[in-house]
Amino acid sequence: MTESAPGIVIMGAAGRMGRMLVQAVAESERAKLVGAVVRPGHDWVGEDLGHAMGGPAMGVTVSDDPLEAMARAQAVIDFTSPETTLEVAHLAAQARAVHVIGTTGFDDGQIERLVPASRHSVQVRAGNMSLGVNLLTGLTKMVAAALEDGWDIEVVEAHHNRKADAPSGTALMLGEAAAEGRGVTLAEVADRGRDGLTGPREAGHIGFSAIRGGDIVGEHDVIFAGQGERIVLRHVASDRVIFARGALRAALWGQGRSPGAYDMIDVLGLDR
Ligand code: NAD
């Protein structure tokens with residue numbers, strides 16, 4: 001562990017992503033795990049985090065108070081719910097801590113409400129923190145820009161049966177990239193949740209379909225369907241650790257940077 005390793009708090013440490021993040025930070029030489037927060041009333045509160053997770057002690061006591069946990073942190077990694085993330089954004093701004101937001105499912109109003117906090121702290125938000133999906137986003141934009149409007153664009157995603165939101169944050173990110181490539185606004189062309197007598201497909205629309213089942217970690221296809229040919233760009237996530245690694249990279253990247261709202265394209269230094 002380096003002397004200057006930033007202290008990191010994990011919000012929602014008992015969640016699927018929370019547990020992965022605890023592991024990723026604990027194993028890192030470049031960061032120090034200084035706090036873990038779970039919901040008030042959770043039976044991990046007051047326990048040593050390592051013991052709570054069924055392993056050896058980690059020297060971090062699980063808390064239900066994000067403000068107290070963040071007092072000694074330089075970054076907070078947050079994969080929870082939109083309501084919780086909005087609260088954490090204000091606390092991170094007060095603490096001047098880097099806020100890495102993996103949470104998805106925000107509505108437009110909630111995204112607006114994240115903005116004031118980003119004037120005081122570094123906020124990195126991405127619907128998907130993996131390198132592969134962020135590359136796929138760039139490719140989607142490039143292909144959409146190269147093809148004529150006659151090609152129909154559909155985004156198909158699959159996730160485990162406990163996922164709360166649809167379409168996934170990643171599917172929306174890919175839809176945004178396709179819309180940008182075409183020079184249109186996604187909100188004006190998005191076709192979500194087709195059912196019943198829908199009639200012929202509207203030209204220029206970007207369609208979304210969501211599959212939910214079993215333990216699927218995350219799969220995304222961007223389909224460009226033309227007359228007599230089809231291009232399919234696909235990303236398959238088989239291990240959640242890719243999101244945790246990306247989030248940790250974002251927390252380290254944000255150290256010493258000017259306050260503002262950033263995404264993984266910034267963190268990975270990919271070309272827009
Ligand atoms: P999960 O339900 O397993 O975990 C969420 C955890 O947050 C739960 O343990 C819950 O108790 C906790 N939580 C909620 N409010 C809290 C509060 N106020 N204080 C403390 N803890 C609180 O869900 P998950 O699969 O880990 O996913 C979490 C979020 O991350 C979802 O929005 C999901 O879509 C998103 N996600 C994003 C990426 C990405 O790369 N950006 C990848 C995977 C999942």
Check: Within the stretch 43-55, how many residues turn out to be under 16 Å from Ala24 (Cα atoms) and in a loop (DSSP other than H, G, I, E, B)?
Finding: 2
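Can you tell which of Gly169, Gly175 is open to solvent by less than 20 Å² (accessible area, probe 1.4 Å) and either touching a Pro at 6+ places or on another chain (Cβ under 8 Å) or not assigned by TED's automatic domain parsing to the domain that holds Gln227 (or both)? I'd like the intermediate steps shown before the answer.
Numbers: Gly169 fails: either touching a Pro at 6+ places or on another chain (Cβ under 8 Å) or not assigned by TED's automatic domain parsing to the domain that holds Gln227 (or both).
Unique residue meeting the criteria: Gly175.
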Next item on the list: Could you figure out which of (1) touching a helix residue (DSSP H, G or I) at 6+ places or on another chain (Cβ under 7 Å); (2) more than 18 Å from Leu248 (Cβ to Cβ); (3) open to solvent by less than 50 Å² (accessible area, probe 1.4 Å); (4) more than 10 Å from the ligand (Cβ to nearest atom) isn't true of Ala92?
Entry: (2)
Next item on the list: Would you check if there is a residue in the stretch 181-191 being of a type in the set (Lys, Arg), without any contact (Cβ under 8 Å) to a residue 60 or more places away in the chain and surrounded by 15 or more Cβ atoms within 10 Å (Cβ to Cβ)?
Entry: yes
Check: Is there any pair linking a residue in the stretch 224-248 that is β-branched (Val, Ile, Thr) to one that is surrounded by 12 or more Cβ atoms within 10 Å (Cβ to Cβ) and in a strand (DSSP E or B), with Cβ under 6 Å and at least six apart or on different chains, and which?
Finding: Ile231/Phe224; Val232/Asp221; Val232/Ile223; Val236/Glu219
Checklist line | Top-ranked residue in the stretch 95-117 [being farther than 18 Å from Met173 by Cβ and either buried (at least 17 other Cβ atoms within 10 Å of the Cβ) or within 12 Å of the ligand (Cβ to nearest atom) (or both); ranked as farthest from the chain's Cα centre (by Cα)] | finding: Ala95
Margin query: Give me the residue from the stretch 192-223 that is in contact (Cβ under 8 Å) with a residue 60 or more places away in the chain and open to solvent by less than 50 Å² (accessible area, probe 1.4 Å) and, out of that set, farthest from Ser130 (Cα to Cα).
Written below: Ile223
Next item on the list: Among the residues of the stretch 249-265, count how many are open to solvent by less than 50 Å² (accessible area, probe 1.4 Å) and of a type outside the set (A, V, I, L, M).
Entry: 4
Margin query: Just the residues that are free of Cβ contacts under 8 Å to residues at least 60 places away in the same chain, part of a strand (DSSP E or B) and under 12 Å from Pro259 (Cα atoms), please, taken from the stretch 74-128.
Written below: His99
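Take the residues in the stretch 51-73 that are under 22 Å from Arg249 (Cα atoms) and open to solvent by less than 80 Å² (accessible area, probe 1.4 Å), then tell me which one is farthest from the ligand (Cβ to nearest atom). Outline the logic, then answer.
So the first thing to find is which residues in the stretch 51-73 are under 22 Å from Arg249 (Cα atoms), and the list is 58, 60, 66, 69-73.
Filter once more, keeping what is open to solvent by less than 80 Å² (accessible area, probe 1.4 Å): 58, 60, 66, 69-70, 73.
On the way: Met58: 18, Val60: 15, Pro66: 7, Ala69: 10, Met70: 12, Ala73: 15 Å.
Across the stretch 51-73, the extreme among qualifying residues is Met58.
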Next item on the list: Please give the number of the condition Ala203 fails out of (1) in contact with a Phe, Trp or Tyr (Cβ under 6 Å, 6 or more places away or on another chain); (2) assigned to a loop (DSSP other than H, G, I, E, B).
Entry: (1)
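The values are calculated or read from the model by the stated rules, or taken from the named source; none is laboratory data. Keep in mind the model is a prediction, meaning the values are calculated, not measured. Note that each Cβ is placed from the backbone with ideal geometry, even for glycine, and that neighbours are counted across all protein chains shown. Each accessible area value is taken on the protein alone, full model and side chains, heavy atoms only, with ligands, DNA and RNA left out. Shrake-Rupley method; radii C 1.70, N 1.55, O 1.52, S 1.80 Å.
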